[in-house]
Amino acid sequence: MTGETMKRFLLAAALLCAAAPAFGQAAPPPQVLYASAADVEKAMAKAKAEHKGDDTNTVEVIARVGTYPLQLEYRTGATAPSVHTGQAEMIAVTDGGCTFVMGGTLVNPKPNGGNVSGTSVTGGTTYKLAKGDTIMVPAGVPHWVTGVEGGRFVSVTLHMPMAAAQ
């Protein structure tokens, strides 16, 4: 190779290496800024049809801006308690009800992605949530859906990045 050919080869290789990370990234999900009542009902019907059991939470995204999904969550029984280490969570109840424990100590904590899950919560504050209620869970705070009432507990949730209080 001549000196000029080598320079062009190295320049092309450098440009390809610089662009390589962009080739491996998935496109971000599309924005969905509006969900009609019919969209929410459709998401609830889909979640109900795909629900795998009383100890599971079936999630359907109903709107999204960037990395912030607005989710419909469908439960028919108690699910494992959790702590979101880097997110606060807003929960708005759209159907059914539950006993909701927030605060206290997570029992048998185990890392689960960006969260920590456990088997129960001790020493938290108990709330009776019903259709129309809204509750905010700060980042780093244990919370637990238990005692589902009315056959199901359906909520709309939004997780917001936030450092846990020290």
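Cβ crowding within 10 Å, taken as a proxy for footprinting-reagent exposure, orders 82, 117 from fewest neighbours to most as 117, 82.
Note on residue 36/residue 112: beta-carbon distance plugged into 1/(1 + (r/R0)^6) with R0 of 30 Å gives a FRET efficiency of 0.35. Database remark: amide H of residue 148 closer than 5 angstrom to the amide H of 78, 99 (H placed geometrically; neighbours at sequence offset of 5 or more, or on other chains; Pro and chain starts carry no H). Neighbour counting of Cβ atoms within 10 Å sorts the residues 135, 62, fewest neighbours leading, into 135, 62. Taking the empirical scaling 2.2 N^0.38 Å for compact globular proteins as reference, the range 37-161 has a Cα radius of gyration ratio of 0.99. Karplus-derived 3J(HN,Hα) values for the range 134-151, using 6.51 cos²θ - 1.76 cosθ + 1.60 with θ = phi - 60°, are 9, 9, 10, 10, x, 4, x, 9, x, 8, 8, 8, 9, x, 4, 10, x, x Hz; glycine and proline are entered as x. Between the range 88-156 and the range 22-79, what is the C-alpha centre distance in whole Å? Each part's Cα centre sits 18 Å from the other's.
Around residue 153, with a cut-off of 14 angstrom between Cβ atoms, what is the net charge of the other residues, counting Lys and Arg +1 and Asp and Glu -1? My count for the surroundings of residue 153 gives -1.
Since every read-out is calculated from the coordinates, none of them should be taken as a lab result. Predicted model, so just to flag it, every value in this text is computed and none were measured. With ideal geometry, Cβ positions are generated from the backbone for all residues, glycine too; neighbour counts draw on all protein chains shown.
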